[in-house]
Amino acid sequence: MVAAMMISPEDVPYEEDVLREPFRLRCWTRYLSAIRSAPLAKRSVIYERALRALPGSYKLWHAYLTELADAARAMPVAHRAHAALNSAFERALAAGMSRMPRVWHMYSSALLDQRLLTRARRALDRAVRSLPVTQHHRMWQLLLRLASLPGCPVPTAIRVLRRHFQFDPAHAEHFIAFLVSAGRWREAADHLAAAVNDDCFVSAKGRTKRQLLLDLCDLLAQHPEEVAGLPVDAILRGSVRRFPDEAGALWTCLAGNYARVGLHGKARDVFEEGVATATTVKDFRLVFEAYLHFENAMIDVELGEHGDAEENTLGQGCWLADRDDGDLALARLERLLERRPELLNRVQLRQNPHDVQAWHARAKLFDEDPARKVATYVEAVKTVDPAKATGKPPPHTLWLAFAKMYEDRGLLDSAREVLRRATQASFKAADHLAAVWCEWAEMELRHHNANRAIELIRQATSEPSLEVRRQVAAGAGEPVVQTKLHRSLKLWCFYADLMETHGSPESTCAVYDRMHELGIITPLLVLRHASLLQEHKRFEDAFRVYERGVRSFKYPHGEAIWAAYLTKFVERHGASKPERVRDLFDDAVRHAPAEKKAAVYMQYARFEEDFGLAKRVLKVYEEAAAAVPGRDKLAVYEAYVARATALFGVLKAREIYHQAILHGGGLPDADARVLCLQFADLEIGLGEAHRARALYVYASGFTDPTAHPDFWRRWNDFEVRHGDECTFREMLRVKRTVAAANAGAGAVAQLAEQVLADDAMEQMDAAVAAPKRPLLACAAQQADHASGFDEQCKRRRLV
C-alpha cells in the first residue's frame, strides 16, 4: 500500500520492469538511478524491495548502507537514524555480507563514531573471525582507533594492541608508547628490551637500536619499583658492552636505579665503576657530574635527618645514634673533588696508553705521595711502547724522571738500577738511548763520581762485537737501537766534553780521532779538536786535523774549516815556511767553488803583502781576475789597481786598466763602465785629457743615454772643463748616434717579432688549407727566416 501510494507517473515504467523481472539487478539499479533526487525515505523503500528480491547483492547493500551512513553522520548520536543504520548493517551481515571486509569496516566505523565501544569491539572481533587472514590488516586500523579512544578501558586497549603487535611487529613502538602512557612500566620495559635484543627488528619511526636502548634505560631508572623483577643490572651492563659510545648515560641510569630504590652504597659503587671505566672525556664528565649531584643530594638528606634528630629528644642518649653521617658525606664529596684530576688523567690514558705527556702529568699529581708516584712510573715504563709513543716528550723521559725522583731522595742505588734497565729498553731512536746514558753519567758527575761516568760513556760508545751484530741481523739478541748506539753523535759529544774536563789531552784527542774514524764528526767538532791541540802547543797535529777536516767536508760545510786552517797556518808558518803556505792557498783555491774563490784570493794576496814579494802580490791578483766569476771581477780589479798603484805607480795601473777593459777582461758592461770612469779619472789626474776623452768615447758604445744619464752628465762636465767647442759637439754627436742606435735596435727587435708572428700566421693558414703538408717543414722554414733576419740586424748594427 505504502509503495503504491508513493508511485508517481514517472516511476510507472520502472515499476513495470521490476515487477516483470524482480530478480534482475539492472532493473533495480536503473530505477534507483532515476529517483536519485528523491527523498531518502522513498529510496529506502525501493532498496528494501530490491534487497528482498536480491538479498545477496553486494552492490545493492553497499549503496544502501552508504546512503544510510551519510544521512546518519549529520544526525546526533541519539537519533534513530543511527539505530536504523546499525539494524541495516546487522541484516546485511545476516544476508551473507559477512565475507565482505568493506561492510565490516563501514559497520565498525559507524559504531566508533557513535562511541559504542563495546559493540564496536564485538563487531571487530566478529569481523576478524569471519574474514580470511589476508584481509585482517583492514580491521587493525579500526582496532587501533578503538584502543586510542579516551573512553576505551585500559585492559581492552592493551589486549587490542597486544594482538595487533603479534599480528604486525613493525608497530611495536605504538604499543610501547601506549603502555608508557598507561603507566604499564613493566610491560613497556619488557617489550623495549625484546625490540632491542631482536636483530630483525626495524623501527617504523626510523629510530635506531641505540635510541630504543636509551628509552629503556630511562624507563628502568625512572621507575625502579614498577619494573622490579627485571634484571636491570644485567640489561644495563650488557648495553654498556654493546653500545660503548653511550656508556656514560648507561652507567648514570644504572646508578640512578639503585639510588631510587635506596641502595645508596650500590649506587656509589656503580658511579665508581663508571668513572673508572670511562674511555672518553664526554662519558667521564657525564658520570662524574651525576656522581657529584648524587653526593650533594646525600649531604642534603643527611643534614636534614640530623636536624630532625636534634629536634627529637628521645634518641639523644642512645649510643647507637649516628651523628657523623653528615661529616662522612662531606668527606666523601671533598675526596671525590680531589680525585677528579686523577680520574680524568686515567681516562686519557685509557684512550691512549702510550701518551708520554699524560703519564708525566699523572706522576706530577702524586708529588705528595712517593709510593703512588713510584707505582705510576713503574706502570708507565711497563705500558708505554716506544714504537707507539705519542706526545711531545720522547718515551725515554719517563725513565729519566723515574731515576731523578730516586736521586732527589738520595736513593742512588735505586736510580742506578732504573737507568740500567732503561739502557736495555727498546727505544725507537738511538738518540733516546744516548740521552739515558748521558743522564746516567751526569748523575754520577753530580755526585762527584767522574771515573764512573767516564767508564759508563766508554761502555756506551764501545762497538758491539761481530757475534752480536750477527744475532741482530738474524732477528735475535739485543734490540737494533743498542747496536747503533756507538754511532750516536750526541753520546760522542758528551764523551768529548767529559774527557776535556776530566781527562787528559791524549784521551780527548783519542775520542775525536774515533769520531773521525766512525764518520760522525762535524765541522764544529773538527774546529774544537784543532783548537784543543793548539792550546797544548801541538800545532802540527792541529794542522793534520784541519787537513783531515777539509778532506772530509766539502763546501759549504768545510768553509769554516778552510778559513780557520788558512788563518792559523799563516800565523804559524807565514814568515818561516812561505812555500807551504802558498801550496796550501793553491789547494784552497782548487777546492773552493766559484763564488768563494774571490775571498780565498784576497786572503792569499794579504799573505803575500805581509810575507811575500810585490810581484807575487800582483801575480795573485792577476790569477784572481782570471779565475773569479764575472760578478766578482770588479772588486778584484779595484783591489788589483789599488795595490799596483801603491807598489809600482800609475803606469802599472794603466796596464791593468787596459787589460781589464780593452783586452778581454770578462767584465759585464756595468762593471766595465765603472772601470772606464775610474781610468778616465786617473788620466785626468795625470793631465792626459785626450786619453780620458778616448775612454769616454769607448764607454759610450755600451751606455744608453736614457738608461745611464749619470755617465753622460760626467762626460758633459768633463768637456766643459777640459774641452772646446769641437770636442763638445763631437760628444753631442756621439750621444745622438748612440741614442739612435739603441732606439733603432728596439724598433728592429719589435719589427722582427712582428715579422715572425705574421709569417707564423701565414704558415698556419697554409697548413689548414693543405693539411697533408708536414708541420716540421713549416717550423724549419720559420726558423730559417728568423735566423736570416737576425743576420740582417747584426749587419745593420755593425754599419
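Below are the figures for this structure:
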{"item": "Residue among L634, L584 that is at pLDDT 90 or above and among the hydrophobic types (A, V, I, L, M, F, W, C)", "result": "L584"}
{"item": "Only listed residue being open to solvent by less than 70 Å² (accessible area, probe 1.4 Å) and not in a loop (DSSP other than H, G, I, E, B), chosen from R714, R693, R733", "result": "R693"}
{"item": "Breaking point among (1) modelled with pLDDT of 90 or more; (2) within 15 Å of R458 (Cα to Cα), for G503", "result": "(1)"}
{"item": "Some residue of the range 419-429 being within 24 Å of the chain's Cα centre (by Cα), modelled with pLDDT of 90 or more and open to solvent by less than 40 Å² (accessible area, probe 1.4 Å)", "result": "no"}
{"item": "Qualifying residue in the range 403-423 (condition: under 20 Å from H486 (Cβ atoms) and outside any helix (DSSP H, G or I))", "result": "yes"}
{"item": "Search result, residues across the range 496-517 that are touching a helix residue (DSSP H, G or I) at 6+ places or on another chain (Cβ under 9 Å) and open to solvent by 20 Å² or more (accessible area, probe 1.4 Å)", "result": "E500, T501, H502, G503, P505, S507, A510, D513, R514, H516"}
{"item": "A575 assigned to a loop (DSSP other than H, G, I, E, B) and either farther than 27 Å from L686 by Cβ or among the aromatic types (F, W, Y) (or both)", "result": "yes"}
{"item": "Residue match in the range 462-485 (condition: of a type in the set (S, T, N, Q), modelled with pLDDT under 90 and surrounded by 18 or more Cβ atoms within 10 Å (Cβ to Cβ))", "result": "yes"}
{"item": "Residue in the range 490-512 that is farthest from A435 (Cα to Cα), counting only those that are touching a residue at least 40 places away in the same chain (Cβ under 8 Å) and part of a helix (DSSP H, G or I)", "result": "H502"}
{"item": "Tally, over the range 43-67, of residues that are closer than 21 Å to R99 by Cβ and either without any contact (Cβ under 8 Å) to a residue 24 or more places away in the chain or not in a helix (DSSP H, G or I) (or both)", "result": "6"}
{"item": "Breaking point among (1) surrounded by 14 or more Cβ atoms within 10 Å (Cβ to Cβ); (2) closer than 18 Å to G274 by Cα, for L212", "result": "(2)"}
{"item": "Residue list for the range 78-93, restricted to those being farther than 23 Å from R126 by Cα and aliphatic (A, V, I, L, M)", "result": "A78, A81"}
{"item": "Yes/no for V275 being in contact with a Leu (Cβ under 6 Å, 6 or more places away or on another chain) and of a type in the set (A, V, I, L, M, F, W, C)", "result": "yes"}
{"item": "Which numbered condition L456 misses (of (1) touching a residue at least 24 places away in the same chain (Cβ under 8 Å); (2) touching an Asp or Glu at 6+ places or on another chain (Cβ under 8 Å))", "result": "(1)"}
{"item": "Count of the range 80-117 residues which are at pLDDT below 85 and open to solvent by 70 Å² or more (accessible area, probe 1.4 Å)", "result": "2"}
{"item": "Test: residue in the range 12-26 that is assigned to a helix (DSSP H, G or I), touching an Asp or Glu at 6+ places or on another chain (Cβ under 7 Å), at pLDDT 85 or above and not aliphatic (A, V, I, L, M)", "result": "no"}
{"item": "Residue check for R36: surrounded by fewer than 10 Cβ atoms within 10 Å (Cβ to Cβ) and more than 19 Å from L85 (Cα to Cα)", "result": "yes"}
{"item": "Residue that is farthest from the chain's Cα centre (by Cα) [pool: residues in the range 354-379 that are under 13 Å from A401 (Cβ atoms) and open to solvent by 70 Å² or more (accessible area, probe 1.4 Å)]", "result": "K364"}
{"item": "Enumeration of residues in the range 513-546 that are assigned to a helix (DSSP H, G or I), of a type in the set (D, E, K, R) and more than 28 Å from K484 (Cα to Cα)", "result": "E535, E540, D541, R544"}
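Condition check ((1) over 36 Å from the mean Cα position of the chain (by Cα); (2) over 17 Å from L336 (Cβ atoms); (3) surrounded by 21 or more Cβ atoms within 10 Å (Cβ to Cβ)) across all residues:
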position: E246; (1), (2), (3): no, yes, no
position: A255; (1), (2), (3): yes, no, yes
position: A259; (1), (2), (3): yes, no, yes
position: F271; (1), (2), (3): no, no, yes
position: V275; (1), (2), (3): no, no, yes
position: A278; (1), (2), (3): no, no, yes
position: F284; (1), (2), (3): no, no, yes
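The values are calculated or read from the model by the stated rules, or taken from the named source; none is laboratory data. These numbers come from a predicted model, not from an experiment. Because the Cβ atoms are built from the backbone with ideal geometry, glycine has one as well, and the counts that use them run over all protein chains shown. Ligands, DNA and RNA are excluded from the accessible area calculation, which covers all protein heavy atoms including side chains. Shrake-Rupley method; radii C 1.70, N 1.55, O 1.52, S 1.80 Å.
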